Amino acid sequence: MKHKVLRKQENSRMCLVCGVKNDFGLKASFYELDNGELAGIFTPREEHQSYPGIAHGGISAAILDETIGRAIMVTDRDMLGYTVELNLKYKKHVPLGQKLIVIGRITREKSRTFEGTGEIILANGEVAASATAKYLKVPLDKMPSFQEDSEDRMEWQVNISENDPREIEYEQKTDMKTCLRLG
Ligand SMILES: CCCCCCCC/C=C\CCCCCCCC(=O)SCCNC(=O)CCNC(=O)[C@H](O)C(C)(C)COP(=O)(O)OP(=O)(O)OC[C@H]1O[C@@H](n2cnc3c(N)ncnc32)[C@H](O)[C@@H]1OP(=O)(O)O
């Protein structure tokens, strides 16, 4: 099913997953969708390899961690989190050199913490890896360097590109109504 992009999220300067100036990183972009989920788009490269042709499992963990963590911004643009727990299931190889989609959503929100789930989806629609994660809430303005006149602060911004998709197509893996009930 196709889902409309409602908003592109900010990228950072040097984050391994979303840093626009981190040449060893994934340079992923994140899009908030009309079904309340967050989609990331990324292309693992040779720098991210484990066995030849296959992305390192730590890279899958990093992109899932960030996508679920960022999903809190769908409902609260000024909130992020410190990961306190991350569990992954590796189901298929994640290939290098192919544009992939990662989806995240929040399943439970409390006053100090939130939890969510996510999947890396292959071009054929199969789930390559899935994760559950828990975070301690940290308001963006309490993040290190946020109050400073630093490069990190200046470069935390939405970078619109002509390659940004207007719609993202994938089969939704989790019923959002179930998530709300769980929450
Ligand atoms: C200038 C601005 C630039 C912005 C740039 C942004 C760039 C990125 C963009 C976007 C990213 C978005 C996505 C995020 C993705 C990546 C995030 C990371 O990689 S974060 C690094 C890895 N994680 C850590 O380093 C935490 C290390 N842990 C700690 O520091 C402490 O454990 C801390 C502060 C998190 C909690 O310690 P306490 O003592 O303050 O809190 P207590 O009361 O013990 O726990 C609070 C809750 O957390 C649970 N908790 C704490 N530690 C836990 C643990 N080890 N395992 C499981 N649960 C734990 C507890 O059970 C409790 O949950 P209950 O409220 O009961 O539901």
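The values are calculated or read from the model by the stated rules, or taken from the named source; none is laboratory data. Please read all numbers here as calculations on a predicted model, not as lab measurements. As a convention, Cβ positions derive from the backbone with ideal geometry for all residues, glycine included, and neighbour counts pool all protein chains shown. Calculation scope for accessible area: heavy atoms of the full protein, side chains included, ligands and nucleic acids excluded. Shrake-Rupley method; radii C 1.70, N 1.55, O 1.52, S 1.80 Å.
Summary of computed values
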{"item": "Apportionment of accessible area to carbon and sulfur, segment 2-182, percent (1.4 Å)", "result": "50"}
{"item": "By accessible area with a 1.4 Å probe, ligands and nucleic acids excluded, highest first: order of Lys99, Lys134, Lys110", "result": "Lys99, Lys110, Lys134"}
{"item": "Probe 1.4 Å - accessible area at Ile160, Å² to nearest ten", "result": "140"}
{"item": "For Glu10, solvent-accessible area (1.4 Å; no DNA, RNA or ligand), Å²", "result": "30"}
{"item": "Inter-probe distance in nm under a simple model that places probes 7 Å from Cα toward Cβ, at Ser50 and Val158", "result": "3.6"}
{"item": "Interchain or long-range residues, amide H under 5 Å from Leu80's placed H", "result": "Val138, Leu140"}
{"item": "HN-Hα J in Hz across segment 40-57 - Karplus 6.51, -1.76, 1.60, θ = phi - 60°, x for Gly and Pro", "result": "x, 10, 7, 10, x, 10, 4, 4, 9, 6, 10, 7, x, x, 10, 5, 5, x"}
{"item": "Probe 1.4 Å - accessible area at Phe146, Å² to nearest ten", "result": "40"}
{"item": "Normalised convex hull volume, the chain, alpha-carbon set, Å³ per residue", "result": "112"}
{"item": "Residue-wise HN-Hα coupling along segment 103-111, computed from phi with Karplus coefficients 6.51, -1.76, 1.60 (Hz; x: Gly, Pro)", "result": "10, x, 7, 8, 10, 7, 9, 10, 5"}
